[in-house]
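J.: Quick one: structure below, then a few questions.
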Amino acid sequence: MSRQYRPRRSCLAVPGSSEKMIKKAQGLPADQIFLDLEDSVAPSAKPGARVNVVAALREGDWTGKTRVVRVNDADTEWAYADVIDVVKYAGDCLDCIMLPKVEKLAHIQWLDVLLNQLETSLGLPAGGIGIEAQIEGPSGLSVIDEIAAASPRTETLIFGPGDFMAAMHMPALTIGAPGSSGHDPFDSVLMSIAVTARKYGLQAIDGPYALIHDLDGYRAASTRAAAYGFDGKWVLHPGQLTTANEVFAPTQDDYDKAELILDAYAYATSDAGGGLGAVMMGDEMIDEASRKLALTNAERGRRLNMSRTTRFEPSSA
């Protein structure tokens, strides 16, 4: 089935074991909320967290938010029950399952088959529950193409920096902050994830930045990911929300310019505009490549219901 677009500028992590945080999250301006059953929940609290998550999905007000549950990874003792319980009791209130530590093709295939079985047995729409695949180690990165293409359910590829840093033996102690070596070791990883996501029509999401009060550092990390074309970033604290929503959206000036380029190029290539393939718009030459860039940015603004503040006039082209 064709996957619908879901806003994911800000993906708020909420421990499934915390009823207080679950309740608070419902009133926060996050594009996506993911109720976590994995790393933020202690082993002894996992069964109770499942109950909390099901109740939150069924009874909470998540209007305007993409609703996701991060289950435990496929090789753990909890993963099967996580998926069964969440989908059986709240599958009609769920948009996606996030699968962490996707290290091989079989992990995605397992979840896809299990979701197929559950949807069939429960009478849920076939293929309705999406998959978010979290890339957290060199094994997963090495087969990222296979992972991305494994299921039509897959909607996102997510970078998990904490486990990735550990697996790579990076000399750093803060998740999402690779240290001060003078270069950024995440550059090639981010590019690989972004390229693969675009190749298969998926969204690319950057993972957490653990220094929750370092908003300058969070902005820098967000800006880096946005520069690679990522669609959004995890949020660990409400204080990071505004930055994520801002960085992963076009500015008003950029949105206006994108719409102007589209109008100017459409006019230039028309008979009325002279049938030109390249034209000056102010001090800038625009052509077909400019149109494609502009369309990407214009679509981002349109999805956010942004309004134009400028209008194209042929004489200004």
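J.: Which residue, of Val102, Val86, Val68, is in a helix (DSSP H, G or I), closer than 24 Å to Gly140 by Cβ and touching a strand residue (DSSP E or B) at 6+ places or on another chain (Cβ under 6 Å)?
T.: Val86
J.: Related question: State which residue pairs qualify: first residue closer than 21 Å to Asp39 by Cα and inside the stretch 98-123, second residue open to solvent by 40 Å² or more (accessible area, probe 1.4 Å) in any location, beta carbons under 6 Å apart, and separation of 6 or more residues or different chains.
T.: Hits for this filter: Glu103/Ser139.
J.: Still on this model: Among Gln32, Gln4, which is touching a strand residue (DSSP E or B) at 6+ places or on another chain (Cβ under 8 Å) and closer than 24 Å to Phe248 by Cα?
T.: Gln32
J.: Would you check if there is a residue in the stretch 220-240 being without any contact (Cβ under 8 Å) to a residue 60 or more places away in the chain, over 20 Å from Ile131 (Cα atoms) and either of a type in the set (Lys, Arg) or in contact with a Gly (Cβ under 8 Å, 6 or more places away or on another chain) (or both)?
T.: yes
J.: Would you point out the residue of the stretch 146-160, among those that are farther than 11 Å from Ile193 by Cβ and not in a loop (DSSP other than H, G, I, E, B), that is most open to solvent (accessible area, probe 1.4 Å)?
T.: Once the filter is applied, the top-ranked residue is Glu146.
J.: So, Asp75, is that one touching a helix residue (DSSP H, G or I) at 6+ places or on another chain (Cβ under 9 Å) and more than 21 Å from Ile144 (Cα to Cα) or not?
T.: no
J.: Suppose we keep only residues that are open to solvent by less than 30 Å² (accessible area, probe 1.4 Å) and not charged (D, E, K, R) within the stretch 35-44. Which one would you say is farthest from Ala55 (Cα to Cα)?
T.: Val41
J.: Please work out if Gly179 is at pLDDT below 95, assigned to a loop (DSSP other than H, G, I, E, B) and in contact with a Leu (Cβ under 9 Å, 6 or more places away or on another chain).
T.: Criteria met by Gly179.
J.: Specify the residue that is nearest to Leu202 (Cα to Cα); the eligible residues are those in the stretch 7-59 that are assigned to a helix (DSSP H, G or I) and among the acidic types (Asp, Glu).
T.: Glu59
J.: Pick out the one residue from Val54, Val71, Val14 that is touching a residue at least 12 places away in the same chain (Cβ under 8 Å), more than 25 Å from Gly162 (Cα to Cα) and buried (at least 18 other Cβ atoms within 10 Å of the Cβ).
T.: Val54
J.: While we're on this one: Which ones in the stretch 74-109 are open to solvent by 70 Å² or more (accessible area, probe 1.4 Å) and over 22 Å from the mean Cα position of the chain (by Cα)?
T.: Asp75, Glu77, Tyr80, Lys88, Tyr89
J.: If you don't mind, another one. Residue by residue through the stretch 113-133, note down the ones that are touching a strand residue (DSSP E or B) at 6+ places or on another chain (Cβ under 7 Å) and either open to solvent by 20 Å² or more (accessible area, probe 1.4 Å) or part of a strand (DSSP E or B) (or both).
T.: Gly130, Ile131, Glu132, Ala133
J.: When you check Pro7 against the structure, is it touching an Asp or Glu at 6+ places or on another chain (Cβ under 9 Å), open to solvent by less than 50 Å² (accessible area, probe 1.4 Å), at pLDDT 95 or above and over 15 Å from Leu94 (Cβ atoms), yes or no?
T.: The answer is no for Pro7.
J.: Taking the criterion of being open to solvent by 20 Å² or more (accessible area, probe 1.4 Å), among the aliphatic types (A, V, I, L, M) and free of Cβ contacts under 8 Å to residues at least 60 places away in the same chain, would at least one residue in the stretch 21-34 satisfy it?
T.: Yes, because at least one residue in the stretch 21-34 is open to solvent by 20 Å² or more (accessible area, probe 1.4 Å), among the aliphatic types (A, V, I, L, M) and free of Cβ contacts under 8 Å to residues at least 60 places away in the same chain.
Yes/no per residue for (1) at pLDDT 95 or above; (2) in contact with a His (Cβ under 8 Å, 6 or more places away or on another chain); (3) not polar (S, T, N, Q):
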position: Thr120; (1), (2), (3): yes, no, no
position: Pro125; (1), (2), (3): yes, no, yes
position: Gly128; (1), (2), (3): yes, no, yes
position: Asp145; (1), (2), (3): yes, no, yes
position: Ala148; (1), (2), (3): yes, no, yes
position: Arg153; (1), (2), (3): yes, no, yes
position: Ile158; (1), (2), (3): yes, no, yes
position: Thr174; (1), (2), (3): no, no, no
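The values are calculated or read from the model by the stated rules, or taken from the named source; none is laboratory data. Since the model is a prediction, treat every value here as computed from it, not as a measurement. FYI the Cβ positions are ideal-geometry reconstructions off the backbone, even for glycines, and counts take in every protein chain you see. Please note that ligands, DNA and RNA were not included when accessible areas were found on the heavy atoms of the full protein model with its side chains. Shrake-Rupley method; radii C 1.70, N 1.55, O 1.52, S 1.80 Å.
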